[in-house]
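Following: one structure in structure tokens, then a few remarks.
The numbers here are math on the coordinates, done by the rules we state, and not lab data. All values derive from a computational prediction rather than experimental measurement. When we count neighbours, we look across all protein chains shown, and the Cβ atoms used for this are built from the backbone with ideal geometry, even at glycine.
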Amino acid sequence: MRLTDYFLPTLKEDPAEAQIVSHRLMLRAGMVRQSAAGIYSWLPLGLRVLRKIEAIVREEQNLAGAIEVLMPTLQPADIWRESGRYEDYGKEMLRITDRADRDLLYGPTNEELITQIFRDNVRSYKQLPCNLYHIQWKFRDEIRPRFGVMRGREFLMKDAYSFDIDEASARLAYQKMFVAYLRTFARLGLRALPMAADTGPIGGDLSHEFIILADTGESEVFCHADLLDRPAPEPDYSADLDAVIAPFTSLYARTDEKHEPQIFEAEVSADKQVMARGIEVGHIFYFGQKYSEPMQCRVTGADGKEVAVYGGSYGIGVSRLVGGIIEACHDENGIVWPWAVAPFQIGLINLKPGDAKTDKLSERLYKTLTHKGLDVLYDNRDERAGGKFSDMDLIGLPWQAVIGPRGAVAGEIEVKNRKNGDKQTLDFGAACALLAEPPSD
RNA sequence: CGGGGCAUGGCGCAGUCUGGUAGCGCACCUGGUUUGGGACCAGGGGGUCGCAAGUUCGAAUCUUGCUGCCCCGACCA
């Protein structure tokens with residue numbers, strides 16, 4: 001993409017309304033603009049990141065056997081009355097009335113809707129297990145939205161819903177999502193720690209929050225240091241998942257609300273105690289027959305008897321992750337995107353547009369890299385060098401390729417690693433080879 | 001929802017206390033000089049001062065009401 005053809009409104013100064021670093025950087029890097037409290041428009045650069053995250057989430061869901069659907073943002077109130085949550089949900093739920101005075105709501109979540117779809121279409125245990133997910137915008141009328149897209153009222157979420165014939169198979173569905181989540185966050189360039197979470201009225205051990213560590217995190221977390229270097233499991237969903245998950249669930253890891261200092265002290269030696277702040281980016285939850293009972297979601301079992309299905313739900317805050325990743329990946333000059341979610345992998349700076357040699361070499365590099373399937377943002381603007389460098393650092397593309405009039409004469413390209421600042425001057429072939437791969441730390 | 005704060009050009013702000021017809025920096029446009037980490041000179045465009053009533057000869061400024069946004073707290077992916 002040539003920058004002169006793009007829409008990238010960067011800001012030199014920090015907008016007054018943004019407090020935390022990810023919010024400031026997202027506004028300054030031209031990724032989002034606020035429309036109303038907790039409601040954002042996604043500009044081209046931000047949308048690219050959102051889509052990349054979405055794609056990785058989708059791939060891993062599919063790999064784990066979940067099937068994608070798409071449910072609407074607006075839902076009829078009746079099914080919420082059926083589950084009993086229309087009254088329970090309170091003012092967080094945005095209620096809307098249409099022209100015929102029918103009660104609608106902007107979905108804060110989709111258990112009711114998916115349960116309705118499932119019960120109307122599935123009659124037999126033979127069609128189980130089943131896990132349906134979608135990636136859709138939600139709305140929760142938060143009392144106090146803040147932190148930019150990390151705590152917005154409108155947010156993009158992946159939510160999956162599993163349906164099983166009994167508790168044992170529901171547990172397996174849960175474990176699959178557990179593995180998928182570990183893999184998803186690892187691929188996004190994040191270290192997300194599964195932490196025991198509140199299971200609500202159901203009880204048991206089947207609820208985990210996935211937390212990424214960041215100083216600006218909303219909750220305090222306590223865990224065993226070894227958890228930090230556990231590699232994500234392979235996507236072998238026919239393996240013994242108990243064993244796959246055990247390394248993650250056996251170590252102490254809790255948020256402040258579940259934290260018990262005595263147990264922490266007893267289970268984790270002093271040199272392994274990690275106390276930090278974290279951002280919740282995913283939550284998986286087993287809820288059994290909570291919705292299937294009141295909503296008559298039943299299938300016939302092998303024994304001919306009807307049973308209400310056992311369910312679980314599994315959320316990932318896709319739009320929140322954009323902010324979360326920035327919280328975890330930035331420095332004083334701007335964002336430092338992980339390779340997998342970077343809006344472009346390479347920022348190409350032509351230091352002197354109009355100079356025949358720099359133009360020619362820049363164009364050649366731009367085309368060569370683009371033809372390799374790489375996403376290149378080519379800064380061909382007639383701006384001063386300083387502004388170009390600053391903008392490029394701000395938007396945080398992993399690689400920067402700088403071509404100036406002096407180097408162009410010799411056919412040289414200066415390649416900078418955004419993360420560690422390493423610069424090297426390379427000839428065309430070497431530059432192309434280097435830029436095609438993720439930079440090393 | 002309780003407490004605090006803000007609202008003046010695209011962004012950041014001054015002016016409000018003490019009423020006199022709106023200003024600064026950045027950005028933008030034109031011309032020139034510049035050109036490897038946010039240049040300089042000259043000229044220029046752009047503002048119903050959040051909205052509505054009121055007080056006054058006169059309101060960005062004072063009064064009342066409303067709206068929006070931000071921060072702290074209780075709640076959430």
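Here are the numbers:
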item: Net dipole in debye of segment A:344-435 [+1 Lys, Arg Cβ; -1 Asp, Glu Cβ; about Cα centre; nearest 20]; result: 80 debye
item: Length-normalised contact order of segment A:221-347 in % [C-alpha pairs under 8 Å, at least 6 apart]; result: 21 percent
item: Choice from A:Arg381, A:Arg187, A:Arg102 with maximal GNM fluctuation in chain A (Cα, 10 Å cutoff); result: A:Arg102
item: Taking A:Trp339, A:Trp42 and counting other C-beta atoms within 10 Å, the order from fewest to most; result: A:Trp339, A:Trp42
item: Rel. contact order, % - alpha carbon contacts under 8 angstrom, at least six apart, segment A:344-435; result: 33 percent
item: Whichever aspartates and glutamates have a C-alpha closer than 16 Å to that of A:Lys138, once near sequence neighbours (fewer than 8 apart) are set aside; result: A:Glu54, A:Glu92, A:Glu111, A:Glu112, A:Glu154, A:Asp159
item: Residue of A:Gly387, A:Gly38, A:Gly347 that the Gaussian network model of chain A assigns the largest fluctuation, springs spanning Cα pairs under 10 Å; result: A:Gly387
item: Top of A:Ala431, A:Ala160, A:Ala328 by mean-square fluctuation, Gaussian network on chain A, Cα under 10 Å; result: A:Ala431
item: Size-normalised alpha-carbon gyration radius of segment A:21-334, reference 2.2 N^0.38 Å; result: 1.01
item: Relative contact order [Cα under 8 Å, 6+ residues apart], chain A, whole percent; result: 17 percent
item: Nearest-ten-degree value, helix A:44-63 long axis tilted from longest Cα axis of chain A; result: 50 degrees
item: Unit charges at the beta carbon, dipole of chain A: most positive-side option, A:Ile349, A:Gly217, A:Gln289; result: A:Ile349
item: Segment A:344-435, Rg to Rh (Cα coordinates; Rh as Kirkwood inverse mean 1/r); result: 0.91
item: Largest-first principal axis extents of the Cα set of segment A:69-165 (Å); result: 45, 34, 22
item: Unit charges at the beta carbon, dipole of chain A: most positive-side option, A:Leu397, A:Tyr106, A:Phe139; result: A:Leu397
